[in-house]
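Below you will find the structure I want to go over with you.
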Amino acid sequence: MEKEVAILMADLSGYTAMTDVHGGASAARLVSKYMELVHNSLCGQCKIAQRIGDQVVMLSDKAEDLASTALKLNACTLKENHFLSIHAGLHFGPVHQEDGNLFGSTINVASRIMNLAKRGQILCSSAFVDVIGTNLFSFSAMGKVKLKNVLKGIEIFELGDGAESNHPIDPVCHMQINESITRFTYEYAGQTFHFCSQQCRDFFKADPLSFMSFSEL
């Protein structure tokens, strides 16, 4: 039986790069911390429906609870040192749950929206905005997009004020770095780069150009 719910999908920006550089054990520790932040961010009726690696799927009958959860989780991750920020997607629609699995186009649309989001960004569909209204939260129109394997284009909105981390990003492993305490920096092309470790600094020094325009995800 399908039920209309609000859905939030969020994962960690730069997780693949971090895992590639620091290995599986570090990735496991980071995901463990991430899940702690997720649990601490749950508001109202929100619940965790699934987790696959660093990707978390949350559901709620109340869209406003899910919006609050997304904003709280984003703020928490942006404050962390030596951590990754999230990118997230919010949608509303029918979802079928069976044997712990989720089915329906609502899941696919939420995933596509999440993949559009940049580091520290929360995007949502017009369907989500229509349900929650614009009195409680701030939304910025991002235009209409055509999502892969989705028949009709949908309007996309950004939730919140586009908060960004005050920390610089390690260009190698993509983790947020507190520049006031890091010991690992390197000057290149008139810019100071900050690193989580000697290892990342050495990778950068060996081939700076390959890390100058790193991917957001």
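Quick note: the coordinates plus some simple rules give every number you see, no bench work behind them. Computed from a predicted structure; not experimentally measured. Virtual Cβ from ideal backbone geometry, glycine too; neighbours counted across all protein chains shown.
Report for the chain the percent antiparallel among DSSP-assigned beta bridges with both residues inside it, nearest 5. Present the calculation step by step, with values, prior to reporting the outcome.
Details: 40 of 43 bridges.
Among the beta bridges of the chain, antiparallel pairing accounts for roughly 95 percent.
Please state the charge dipole magnitude for segment 2-159, taken about the Cα centre, from unit charges on C-beta atoms (+1 on K and R, -1 on D and E), reported in debye and rounded to the nearest 20. It would help to have the intermediate numbers written out before the result.
Values: 15 positive and 15 negative charges, 81 e Å.
Using Cβ point charges on Lys, Arg, Asp and Glu, segment 2-159 gives about 380 debye.
Next up: For Asp61 and Asn149, calculate 0.36 nm times their separation in residues minus their Cα-Cα distance, and state this gained length in nm to one decimal.
Numbers: separation 88, 0.36 × 88 = 31.68 nm, distance 2.63 nm.
Additional length available on full extension: 29.1 nm.
Could I have the simple spin-label model distance between Asn115 and Met212, label points 7 Å from Cα toward Cβ, reported in nm to one decimal?
3.0
Under the √(5λ) rule applied to the eigenvalues of the Cα gyration tensor, what semi-axes describe the equivalent ellipsoid of segment 44-107? Give them in Å, descending. Please report the intermediate quantities before stating the final value.
Details: eigenvalues 106, 41, 18 Å².
Semi-axes from the Cα gyration tensor: 23, 14, 10 Å.
Arranged from highest to lowest average of other beta-carbon atoms within 10 Å per residue, in what order do the peptides 202-212, 42-52, 180-190, 89-99 appear? Kindly include the intermediate steps, with their values, before the conclusion.
Working: 202-212: 13.7, 42-52: 15.5, 180-190: 11.2, 89-99: 18.7.
Ranking the peptides 202-212, 42-52, 180-190, 89-99 by packing returns 89-99, 42-52, 202-212, 180-190.
Report the percentage of all Cα-Cα pairs in segment 2-159 whose separation exceeds 27 Å, rounded to a whole percent. Display every interim value, and only then the final one.
On the way: 2417 of 12403 pairs.
Tail of the P(r) past 27 Å holds 19 percent of the pairs.
Go ahead and collect, in residue order, the members of segment 129-156 whose backbone nitrogen is under 19 Å from a label point 7 Å along the Cα-Cβ direction of Ser105.
In segment 129-156, the label zone of Ser105 (backbone N under 19 Å from the point 7 Å along Cα→Cβ) covers 129-131, 144-156.
If you don't mind, another one. Note down the relative contact order for the chain as a percent, whole number, built from C-alpha pairs under 8 angstrom at least six residues apart.
The value is 22 percent.
Can you check what the Kirkwood hydrodynamic radius comes to for segment 86-217, Cα pairs only, in Å to one decimal? Kindly include the intermediate steps, with their values, before the conclusion.
Numbers: mean 1/r = 0.0576 Å⁻¹.
Averaging 1/r across every pair of different Cα atoms and inverting gives 17.4 Å.
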